[in-house]
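Working notes, structure below.
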Amino acid sequence: MKCSIGEKFSQGSLIPYGNIELSPCSGILNYGQGLFEGLKAYRKEDGRILLFRPEQNALRMKAGAERLCMPSPSIEQFVGAVKQTVLANERWVPPFEKGSMYLRPLLMGSGPSLGLGPAPEYTFLIYASPVGSYHKRSLNLVVEEKQHRASSGGTGGIKTVANYSPVLNALSRAKAQGFSEVLFLDAATGKYIDEASACNIFSVKGNSISTPPTHGTILPGITRKSIIEIAGTLGYQVEERPVAIDELLDADEAFCTGTAVVVTSIGSVTHQGRRIDYKTQADTVCQKLHEILTGIQMGRLADTKGWMVEVN
Ligand code: PMP
């Protein structure tokens, strides 16, 4: 789908996967005017294909587009295009025990803007790929001691492409040392946890579950929001508030959430050379939440919250 600034997106079309045309002076290439989303399509046992809360992705893209001075497709256009993409690639949606289809909606300034300013033309596209299920039992995190992911008033709360290149350095260093993810601290004080490079973080102590608030420096994860709701209905005391790194290191359990990781235990956090190990074995809060969320996503449990959207 394409549109010019000040206009609405026109109806798009399906085209085979391949290179696309882009002005060398495009808003995305020169000024980072780009946003993306990530969501999955799941195939139920009966063959039906379901999307998990796609309107939430549409809303997040809309909020990001406003921040970056971009027009965005309507919620209906976004969800309709996602459904159309899945239907056209239906044979590539694996059976649920094998994985899902990952969808990547992308919105960018595709027209030329030599001087700094919003691009005159925009492109919204979606590509898709089958992905296996995420099998990691737990993740080992290392705290990034020098670099930060986002600062207050910046763009940490939106899914702009420009948020991801600054984490590559820390992520590559962490992986080279054998860690699975990096944990970023807040830029203002360095005392509180923000999030990892592609997932939100939760800390568990007794019956209470805490996660940092979405005040602009972390991405408002759709999995995060859903887990907060599920945990509340299970009777946990859930708090969205600043979580000090010292508090996380003292937690009984920790886990992370995201479209890719779903809900995965954190096995350890290493901070200033000190490694803390957490409970990851049977009977964790993480496992209970994982069971319910994946049950809803794969159609094993009743979708009482109306989260799932049927495609076929
Ligand atoms: N934080 C960041 C930085 C991410 O890239 C993601 C993945 N989209 C998340 C959190 C989790 O968000 P969601 O649950 O919507 O996938």
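Counting residues in segment 278-292 that are modelled with pLDDT under 95 and aliphatic (A, V, I, L, M) gives one or more.
Checked against (1) within 13 Å of the ligand (Cβ to nearest atom); (2) over 30 Å from residue 287 (Cβ atoms); (3) touching a strand residue (DSSP E or B) at 6+ places or on another chain (Cβ under 6 Å), residue 202 meets all criteria but (2).
Would you check if there is a residue in segment 93-102 being surrounded by fewer than 19 Cβ atoms within 10 Å (Cβ to Cβ), under 18 Å from the mean Cα position of the chain (by Cα) and under 30 Å from residue 227 (Cβ atoms)? Looking through segment 93-102, at least one residue is surrounded by fewer than 19 Cβ atoms within 10 Å (Cβ to Cβ), under 18 Å from the mean Cα position of the chain (by Cα) and under 30 Å from residue 227 (Cβ atoms). Scan 22, 29, 114 and give me the residue that is modelled with pLDDT of 95 or more and on the phi < 0 side of the Ramachandran plot. None of the other options fit; the residue is 29.
Return yes when residue 154 is more than 9 Å from the ligand (Cβ to nearest atom) and over 20 Å from the mean Cα position of the chain (by Cα) and no when it is not. Considered against the rule, which asks whether it is more than 9 Å from the ligand (Cβ to nearest atom) and over 20 Å from the mean Cα position of the chain (by Cα), residue 154 comes out as no. Screening segment 94-142 for residues that are without any contact (Cβ under 8 Å) to a residue 40 or more places away in the chain and assigned to a loop (DSSP other than H, G, I, E, B) and picking the one that is farthest from residue 275 (Cα to Cα) gives 115. For residue 91, are the conditions met, namely being part of a strand (DSSP E or B), basic (Lys, Arg) and in the same structural domain as residue 76 (by TED's automatic domain parsing)? For residue 91, the condition - part of a strand (DSSP E or B), basic (Lys, Arg) and in the same structural domain as residue 76 (by TED's automatic domain parsing) - is not met.
Only one of these is closer than 30 Å to residue 299 by Cβ and of a type in the set (A, V, I, L, M, F, W, C): 196, 176. Name it. Step through it out loud before you land on a result.
Details: 176 fails: closer than 30 Å to residue 299 by Cβ.
Answer to the selection: 196.
Among the numbered conditions (1) over 26 Å from residue 27 (Cβ atoms); (2) touching a residue at least 40 places away in the same chain (Cβ under 8 Å), tell me where residue 212 comes up short. Of the numbered conditions (1) over 26 Å from residue 27 (Cβ atoms); (2) touching a residue at least 40 places away in the same chain (Cβ under 8 Å), the odd one out for residue 212 is (2).
For segment 215-228, filtered to residues that are more than 10 Å from the ligand (Cβ to nearest atom) and surrounded by 14 or more Cβ atoms within 10 Å (Cβ to Cβ), the residue that is nearest to residue 151 (Cα to Cα) is 217. Elements of the type helices (runs of 4 or more DSSP H) sitting completely within segment 217-312 and holding at least 2 residues that are of a type in the set (S, T, N, Q) and closer than 30 Å to residue 87 by Cα: these cover 222-233, 285-297.
Yes/no matrix, rows are residues, columns are (1) among the charged types (D, E, K, R); (2) within 16 Å of the ligand (Cβ to nearest atom); (3) within 26 Å of residue 291 (Cβ to Cβ):
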{"position": "169", "(1), (2), (3)": "no, yes, no"}
{"position": "177", "(1), (2), (3)": "no, no, no"}
{"position": "180", "(1), (2), (3)": "no, yes, yes"}
{"position": "213", "(1), (2), (3)": "no, yes, no"}
{"position": "244", "(1), (2), (3)": "no, no, no"}
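Give the residues of segment 154-194 that are free of Cβ contacts under 8 Å to residues at least 60 places away in the same chain and closer than 24 Å to residue 61 by Cβ, sorted by residue number.
Of segment 154-194, the ones free of Cβ contacts under 8 Å to residues at least 60 places away in the same chain are 163-178, 180, 182, 184, 186-194.
Selection gives 163, 164, 165, 166, 167, 168, 171, 184, 194.
The values are calculated or read from the model by the stated rules, or taken from the named source; none is laboratory data. Values in this document were obtained by computation on a predicted structure and should not be read as measured data. Glycine gets a Cβ as well: all are built from the backbone with ideal geometry, and neighbour counts include every protein chain shown.
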